[in-house]
Ligand SMILES: Cc1ncc(COP(=O)(O)O)c(C=O)c1O
């Protein structure tokens, strides 16, 4: 499994007529910042990536460095490289949640609903503007990514009557694959799984993909006039690859196909521009680079002009036009609220608002540039330290084709990841079968934290002490 990823050489065809932009145009659209040039300038003064002075110099020049102070850091020695799984806690979240408990819930009681009632939209506008490049009225913060995904896929499929095929990729996050398979089974649809990682799946078909990345050129042959929806990740959860969201959306739209993007690993790491790119539908979570806490409410985005073209897949009372008339029939309202199912978690929304206001203040330009520099820096350390120890890279080397994490593979990855926690006080995360993800969360993670974490990882693997690790039996990896 995944052997085809043992290294990712980058090919990028651009000759297909209907896929108009060139590789250079795509690169420029996806990022106009050059982390390689930036790093080379720093190294020229500080010494190479392998000297800690390089990390210190990057930190000294980091315009976001002061944000680290705004997070609760219980153990200053811990090197936390897992912000792509669960972000650190902003100190302001404690105050915001406490304030909600004491000054809203405790005192206002049920009267609070007078101003809580549209809070999913308020939080959605904050999140959409801060991280998605979305104008107000197109984003809701509610439920889980899974529920939002189920809703939007169903609504999109219903909006393409007569089309019986739905497409996903094998490397997609399991919840998306399982939910789409369930929908396909319930509705008698033909599910095509683009096998971009060698793991197969329902209706698997071979596709040419480096680092799991699906290019418009590779996707195009599968886009028949029977396809209702395609769903992909804006950053792949395992490899960290970043597809060209705009080019794929355009390509599908030309064929009447809707794309549902899962941007869980992209939001708060890369500069998403949904309105500008013409994205129709997307979902994502808030607990990774969004720093809103475990199980914090997720989001969905439906482009304004698309909203009344879609039905309400789960007809909850919040979507009803006159919600408090409590009438006998459901009539979907015509705003983004038609995708809201039920009572939002106001406490969860307070955490989301707090952390996304912080992101808005820092700005996605600076955040995405730090993610690009940080991952490029990690690649230099990978080349110098990890590759000689038998690690391979499964993340693209082009900075515009990745997000906030890199992924390295090793036959003993599971033991190494566990040993990093136990012996080195470094938290990465492990993903089956042989991958370790290493992230820079631009607001709380410092460059020296990244350097120290990878230095400890190198020392641990060199010592082979990870071989002492026995399976701890945990269900969570
Ligand atoms: C890409 C992606 N999609 C969906 C999910 C699942 O999100 P939830 O548990 O909020 O439904 C995750 C969780 O990590 C994810 O990484």
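The values are calculated or read from the model by the stated rules, or taken from the named source; none is laboratory data. The structure displayed is predicted, hence computed values, not measured ones. Ideal geometry is used to build each Cβ from the backbone, glycine not excepted, and the neighbour counts take in all protein chains shown.
Observations
- Once region 236-277 is narrowed to residues that are away from the ligand (no atom under 11 Å from the Cβ) and over 21 Å from residue 306 (Cβ atoms), the residue that is surrounded by the most Cβ atoms within 10 Å (Cβ to Cβ) is 268.
Residue-by-condition table, conditions (1) within 14 Å of the ligand (Cβ to nearest atom); (2) out of contact with any helix residue (DSSP H, G or I) (no Cβ under 8 Å at 6 or more places or on another chain); (3) modelled with pLDDT of 95 or more; (4) more than 17 Å from residue 132 (Cβ to Cβ):
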site: 283; (1), (2), (3), (4): yes, no, yes, no
site: 288; (1), (2), (3), (4): yes, yes, yes, no
site: 305; (1), (2), (3), (4): no, yes, yes, no
site: 316; (1), (2), (3), (4): no, yes, yes, yes
site: 345; (1), (2), (3), (4): yes, yes, yes, yes
site: 354; (1), (2), (3), (4): no, no, yes, yes
site: 368; (1), (2), (3), (4): no, yes, yes, no
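- Residue check, residue 337 surrounded by 14 or more Cβ atoms within 10 Å (Cβ to Cβ) and in a helix (DSSP H, G or I): yes
- Any chance residue 214 is in contact (Cβ under 8 Å) with a residue 12 or more places away in the chain, touching a helix residue (DSSP H, G or I) at 6+ places or on another chain (Cβ under 9 Å) and within 16 Å of the ligand (Cβ to nearest atom): yes
- Qualifying position, being closer than 30 Å to residue 454 by Cα, within 15 Å of the ligand (Cβ to nearest atom), touching a residue at least 40 places away in the same chain (Cβ under 8 Å) and in contact with a strand residue (DSSP E or B) (Cβ under 7 Å, 6 or more places away or on another chain), among 84, 148: 84
- Test result for residue 293, within 14 Å of the ligand (Cβ to nearest atom), crowded, with 24+ Cβ neighbours inside 10 Å and on the phi > 0 side of the Ramachandran plot: no
- Residue list for region 456-477, restricted to those being at pLDDT 95 or above and touching a strand residue (DSSP E or B) at 6+ places or on another chain (Cβ under 9 Å): 456, 457, 460
- Flag if residue 156 is assigned by TED's automatic domain parsing to the domain that holds residue 268, more than 16 Å from the ligand (Cβ to nearest atom), assigned to a helix (DSSP H, G or I) and farther than 30 Å from residue 358 by Cα: yes
- In region 124-145, of all residues being within 19 Å of the chain's Cα centre (by Cα), assigned to a loop (DSSP other than H, G, I, E, B) and more than 14 Å from the ligand (Cβ to nearest atom), the one that is surrounded by the fewest Cβ atoms within 10 Å (Cβ to Cβ) corresponds to 133.
- Residue check for residue 350: on the phi < 0 side of the Ramachandran plot and either over 23 Å from the mean Cα position of the chain (by Cα) or part of a loop (DSSP other than H, G, I, E, B) (or both): no
- Residue match in region 93-105 (condition: crowded, with 19+ Cβ neighbours inside 10 Å, within 21 Å of residue 294 (Cα to Cα) and within 16 Å of the ligand (Cβ to nearest atom)): no
- Options 298, 360: the member that is farther than 23 Å from residue 101 by Cβ and either under 18 Å from the mean Cα position of the chain (by Cα) or buried (at least 17 other Cβ atoms within 10 Å of the Cβ) (or both): 360
- Residues that are within 16 Å of the ligand (Cβ to nearest atom) and surrounded by fewer than 18 Cβ atoms within 10 Å (Cβ to Cβ), drawn from region 174-188: 174, 175, 178, 182
- Considering (1) over 17 Å from residue 375 (Cβ atoms); (2) buried (at least 16 other Cβ atoms within 10 Å of the Cβ); (3) not assigned by TED's automatic domain parsing to the domain that holds residue 242, the lone condition that residue 82 does not fulfil carries the number (1).
- Residue within region 31-49 that is without any contact (Cβ under 8 Å) to a residue 12 or more places away in the chain, surrounded by fewer than 16 Cβ atoms within 10 Å (Cβ to Cβ) and touching a helix residue (DSSP H, G or I) at 6+ places or on another chain (Cβ under 6 Å) present: yes
- Condition check for residue 220: surrounded by fewer than 24 Cβ atoms within 10 Å (Cβ to Cβ), touching a residue at least 12 places away in the same chain (Cβ under 8 Å) and over 22 Å from residue 31 (Cα atoms): yes
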